[in-house]
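To start, the structure itself, in structure tokens.
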Amino acid sequence: MSANDALHIAVLAGDGIGPEVMAPALEILRKIEATSKLKFRFTEAAAGANHYLETGASMPKSTVRLCDEADAILLGACGLPHVRYPDNTEITPQIELRFLFDLYAGVRPARLIPGVPSPIVGAAEHGIDLVLIRESTEGLFASMGKGVVTDDDARETLVITRKTSQRLFDFSFRLAQRRRAQGRRGLLTCVDKANVFKAFAFFRGIFDATAAHYPDVETARTYVDACSAQLVRRPWDFDVMVTENMFGDILSDLTAGLVGGLGMAPSADIGDRHAVFQPCHGTAPDIAGQGKANPTAMILSAAMMLDWLADKHDVPEAASAAQRIERAVDKAYACGLRSMEFGGADGTANIARAVLAEL
């Protein structure tokens with residue numbers, strides 16, 4: 001594919017603030033299109049709790065087919081706390097897509113942007129720039145919808161397989177190599193609970209065996225509890241981290257909190273053929289429609305999408321565009337932009353305008 005070919009993007013805006021943060025991200029991408037050789041074709045599709053209320057399904061077959069055919073999937077946020085399946089679980093097409101398309105690598109960057117406050121003492125001086133890789137199809141989430149509940153107990157099963165763990169670790173080692181080539185440390189840390197559970201000892205064993213094939217990558221191993229304590233003391237000691245699904249679900253929110261909150265945290269769920277890009281935050285129905293939502297995570301997720309497309313389709317122009325968006329976000333915040341989630345007065349429209357101006 002060349003830069004002159006249109007990249008087909010499936011757009012699932014979702015529920016709550018999902019459509020509100022999606023709109024600025026698309027505006028940014030259209031600005032990129034107008035100022036580069038890149039071309040986009042956006043196709044919007046239904047998914048989420050509101051669609052479930054209307055039809056009884058989290059997303060129609062046409063949405064799944066679109067996602068399968070598109071070059072990438074851009075997702076706002078899906079689900080509403082008061083809309084649930086009969087088993088009392090929430091509507092989560094974002095998780096369903098991971099299983100449908102085998103998106104085993106959940107990529108959760110946490111980078112402290114200049115001008116954004118962090119609750120960690122010393123963060124501004126040392127900087128925070130790490131990536132958590134969360135396995136996204138197994139672990140405790142393999143039991144989603146399959147748990148057994150009786151009057152006396154409830155059981156969920158954690159699953160870790162060699163095939164998925166091997167792919168996950170290869171992905172993580174390659175990312176560490178890439179970050180080292182970019183001037184970062186390139187340290188890869190395996191986070192587990194191998195001192196207590198056989199499944200995690202198995203997980204670590206595969207990590208150790210994989211490390212032998214990447215002698216140029218510095219590695220470390222730590223238990224999830226110790227990792228949590230260290231993250232809130234010295235997050236700058238970490239670079240790339242890889243862990244099981246549920247541990248990653250928790251740690252990714254923790255790392256987002258270190259760099260200004262979920263509104264600043266982009267993410268991707270990546271497989272061998274498909275990938276979904278979305279902000280780490282939820283639908284925030286309490287502020288929906290009020291213009292308060294921070295679109296930064298959605299905008300940075302769009303940048304992650306371009307970076308992935310550049311590698312997937314060998315389009316260097318897309319990688320350059322991703323860097324342009326990141327630089328524009330950095331400049332906007334360095335010049336005084338302050339979102340409402342950390343005490344500022346800038347809502348969705350102001351943040352979008354500021355980033356567009358820097359482009």
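See the values below:
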{"item": "Residue within segment 292-307 that is surrounded by fewer than 21 Cβ atoms within 10 Å (Cβ to Cβ) and assigned to a helix (DSSP H, G or I) present", "result": "yes"}
{"item": "Qualifying residue in segment 262-282 (condition: of a type in the set (S, T, N, Q), out of contact with any Ser or Thr (no Cβ under 9 Å at 6 or more places or on another chain) and modelled with pLDDT of 95 or more)", "result": "no"}
{"item": "Candidate set: segment 212-269, residues that are of a type outside the set (Lys, Arg), part of a loop (DSSP other than H, G, I, E, B) and over 20 Å from the mean Cα position of the chain (by Cα); chosen: the one nearest to residue 116 (Cα to Cα)", "result": "232"}
{"item": "Set 161, 189: member being over 19 Å from the mean Cα position of the chain (by Cα) and among the hydroxyl-bearing types (Ser, Thr, Tyr)", "result": "161"}
{"item": "Selection count where residues are touching an Asp or Glu at 6+ places or on another chain (Cβ under 7 Å) and farther than 25 Å from residue 280 by Cα, scope segment 130-173", "result": "2"}
{"item": "Flag if residue 223 is in contact (Cβ under 8 Å) with a residue 40 or more places away in the chain, of a type outside the set (Gly, Ala, Ser) and assigned by TED's automatic domain parsing to the domain that holds residue 172", "result": "no"}
{"item": "Tally of residues being crowded, with 22+ Cβ neighbours inside 10 Å and assigned to a strand (DSSP E or B) across segment 13-72", "result": "3"}
{"item": "Single unsatisfied condition, residue 322 versus (1) of a type outside the set (Phe, Trp, Tyr); (2) touching an Asp or Glu at 6+ places or on another chain (Cβ under 7 Å); (3) more than 30 Å from residue 5 (Cα to Cα)", "result": "(3)"}
{"item": "Matching option when the condition is of a type in the set (S, T, N, Q) and over 30 Å from residue 274 (Cα atoms), among 339, 301", "result": "339"}
{"item": "Search result, residues across segment 111-170 that are under 21 Å from residue 228 (Cβ atoms) and polar (S, T, N, Q)", "result": "118, 136"}
{"item": "Qualifying residue in segment 182-192 (condition: of a type outside the set (D, E, K, R), buried (at least 20 other Cβ atoms within 10 Å of the Cβ), in contact with an Asp or Glu (Cβ under 9 Å, 6 or more places away or on another chain) and assigned to a helix (DSSP H, G or I))", "result": "no"}
{"item": "Hits in segment 109-157 - residues which are closer than 25 Å to residue 275 by Cα and polar (S, T, N, Q)", "result": "136, 137, 143"}
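Here is a yes/no grid of residues against (1) of a type outside the set (A, V, I, L, M, F, W, C); (2) modelled with pLDDT of 95 or more:
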residue	(1), (2)
85	yes, no
90	yes, no
99	no, no
124	no, no
135	yes, yes
139	yes, no
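The values are calculated or read from the model by the stated rules, or taken from the named source; none is laboratory data. This structure is a prediction, so every number in the text was calculated from the model and none was measured. Virtual Cβ from ideal backbone geometry, glycine too; neighbours counted across all protein chains shown.
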